[in-house]
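Notes follow the structure.
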Amino acid sequence: MRFALAVLALAALAGPTRAAQTRAFVFQTDYTTGSLSVDDLAPRTAHCDVASVNSDATLRWYGGLLYVVNRYGADNIQVIDPATHATLRQFSVGNGANPHDIAFASPTKAYVTRFDTTDLWVVNPATGAHTGTISLAGYSDADGNPEMDRLMMVGPLLFVSLERIDRNHGYGPADTALVAVVDTRADTLLDCDSARPGVQAIALRLRNPFTAFQFDPVTSRLLIGCAGAFGVLDGGVERVDPARLVSDGVAITEAALGGDVLDVVWGSAGKSWAIVADALGNTKLVSWSATTGAVLATLWNPGGYWLTDAERNDRGELWVCNGSFTSPSVRVFSATTDAVVGADVTCALPPAGVTFDVASAQVAAVPSAGEAALFFAPAAPNPARGPVRFAFALATGALVRLEVLDAQGRRVRTLADGAWAAGAASIAWDLADDGGRRVAPGLYLARLHVGGVSGTRRVIVVR
């Protein structure tokens, strides 16, 4: 079996080794002007108004550059150098297109959703050239537009959320929500339901997919928040299987969340987060469990329609934007304890979006249909003078055997041999053999067996 894992998934499983992310980028707007702020993560330091952007924008990171999707009324992509904050280039994606997202297949090939059109654009982000068009007109609802919104790359496949809302009747959900799937190797739409005529998209059970996609590395599922009709508890968070190209059910409902789902941040089946709005438009941040389908706690309830975006970084922090005009700021929570970490980050304008210096909406690949999803992270720390931790995750419960071998392949220590439940796990090795004696310095191999699947990690032991 081949294992192709997202970098973030491995980092999450490997735990607190060395954080790769160093900066947060915050989009701020008073709905007349827009600006960009950059915040160093350690020590946390804010640099406000380093660049001007549109008053309606989305931030994405790829290949060491910040991409600003300037949306309604601007219709362009702005590429910013994060070191100097200078705009390197800015290119149009069509007048009146209202771009909503950008995702990257390579440094010279990206895709842009154009919300007010039926055409998904292919562009060269290095030059800004328009290099291709993929029509999504066949997925339109009664108003003649599919309302393409968010993007997620999974290996060579591009997943495109289609809101299918009726712009002629208040932008309410008009039809079954869809996720179109593009094979980026040929720029063709995949048929996700061969039992029906035509090229079918993935049909969702909930309506109006409103949030960005999230990825669960344990089950290899995409998740997306569906708002349904605003003011009505008819939405929730839905799972999508990117290998079988089907909906995989609802993780939690809006009724359980307590409001319209505006944003979702996946943590694990045991605890994730969402921003929801009640019937009066008051937003709050909640933690929730996909295991129980219930809210765990309300972390922040500032009142008003102020909480706009939440994102988690690889330092175990959850950054949440408070778009209040009287106290614009970003509050940081611990993803482990949900406690507030440090003082709020003050913003010059109300913050509406945040991203970190890591590739946005990118998953390297997932196991193909029928394969067991086994994730085995690199040993940490490595080289090691003291205890080493081996992190892994199982999509389903299974028999697990974890052994340490020397460089000649001789068994040194058996760390696990028995049944394990689905989910993430971690096993420590104290650098002792089965007899309790500390091993000699040198190369060792940790071999994990799960059913007929195995993986190996190298460990260097030093004095």
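The values are calculated or read from the model by the stated rules, or taken from the named source; none is laboratory data. Not measured: the values here are computed from a predicted model. Glycine also receives a Cβ, built like all others from the backbone with ideal geometry; neighbour counts cover every protein chain displayed.
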>> Looking at the structure I just gave you, is Arg205 at negative phi and either in the same structural domain as Thr292 (by TED's automatic domain parsing) or touching a helix residue (DSSP H, G or I) at 6+ places or on another chain (Cβ under 6 Å) (or both)?
In response: yes
> Restricting attention to the range 406-418, and to residues there that are surrounded by 12 or more Cβ atoms within 10 Å (Cβ to Cβ) and under 35 Å from the mean Cα position of the chain (by Cα), which single residue is farthest from Pro441 (Cα to Cα)?
Replying inline: Ala416
> Could you say which residue among Thr211, Thr184 is in contact (Cβ under 8 Å) with a residue 60 or more places away in the chain, among the polar types (S, T, N, Q) and in contact with a Leu (Cβ under 6 Å, 6 or more places away or on another chain)?
Replying inline: Thr184
> Residues Ala377, Ala335, Ala384: which one is touching a helix residue (DSSP H, G or I) at 6+ places or on another chain (Cβ under 6 Å) and either farther than 30 Å from Arg244 by Cα or modelled with pLDDT under 85 (or both)?
Replying inline: Ala377
> So Pro156 clears everything in (1) at pLDDT 95 or above; (2) touching a Ser or Thr at 6+ places or on another chain (Cβ under 7 Å) except one condition, right? Which one?
Replying inline: (1)
> Taking the condition free of Cβ contacts under 8 Å to residues at least 60 places away in the same chain and either in a strand (DSSP E or B) or among the β-branched types (Val, Ile, Thr) (or both), does Asp40 pass?
Replying inline: yes
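Table: residues versus (1) under 20 Å from the mean Cα position of the chain (by Cα); (2) under 25 Å from Pro99 (Cα atoms); (3) modelled with pLDDT under 95.
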position: Val7; (1), (2), (3): yes, no, yes
position: Ala11; (1), (2), (3): yes, no, yes
position: Gly15; (1), (2), (3): yes, no, yes
position: Thr29; (1), (2), (3): no, yes, no
position: Leu36; (1), (2), (3): no, yes, no
position: Pro43; (1), (2), (3): no, no, yes
position: Asp56; (1), (2), (3): no, yes, no
position: Arg60; (1), (2), (3): yes, yes, no
position: Val68; (1), (2), (3): yes, yes, no
> Considering the range 334-348 alone, what residues qualify as being in contact (Cβ under 8 Å) with a residue 40 or more places away in the chain and assigned to a strand (DSSP E or B)?
Replying inline: Val345, Thr346
>> Would you confirm, using the coordinates I've provided, whether Ala103 is under 30 Å from Phe376 (Cβ atoms), at pLDDT below 95 and of a type outside the set (D, E, K, R)?
In response: no
> within 30 Å of Gly397 (Cβ to Cβ) and either modelled with pLDDT of 95 or more or polar (S, T, N, Q) (or both), is that true of Val218?
Replying inline: no
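Residue-wise test of (1) among the hydroxyl-bearing types (Ser, Thr, Tyr); (2) touching a His at 6+ places or on another chain (Cβ under 7 Å); (3) outside any strand (DSSP E or B); (4) surrounded by 13 or more Cβ atoms within 10 Å (Cβ to Cβ).
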site	(1), (2), (3), (4)
Arg401	no, yes, no, yes
Val404	no, no, no, yes
Ala425	no, no, no, yes
Asp434	no, no, yes, no
Ala440	no, no, yes, no
Leu448	no, no, no, yes
Val459	no, no, no, yes
> So which residues in the range 72-101 are touching a residue at least 40 places away in the same chain (Cβ under 8 Å) and either basic (Lys, Arg) or more than 21 Å from Thr117 (Cα to Cα) (or both)?
Replying inline: Val79, Ile80, Pro82, His85
> When the residues of the range 168-189 are filtered to those that are buried (at least 17 other Cβ atoms within 10 Å of the Cβ) and in a loop (DSSP other than H, G, I, E, B), which remaining residue is modelled with the lowest pLDDT?
Replying inline: Asp175
>> Every residue in the range 214-234 that is in a strand (DSSP E or B) and without any contact (Cβ under 8 Å) to a residue 40 or more places away in the chain, please.
In response: Arg221
> Just to be sure, is Ala407 closer than 20 Å to Ser220 by Cβ, among the hydrophobic types (A, V, I, L, M, F, W, C) and without any contact (Cβ under 8 Å) to a residue 40 or more places away in the chain?
Replying inline: no
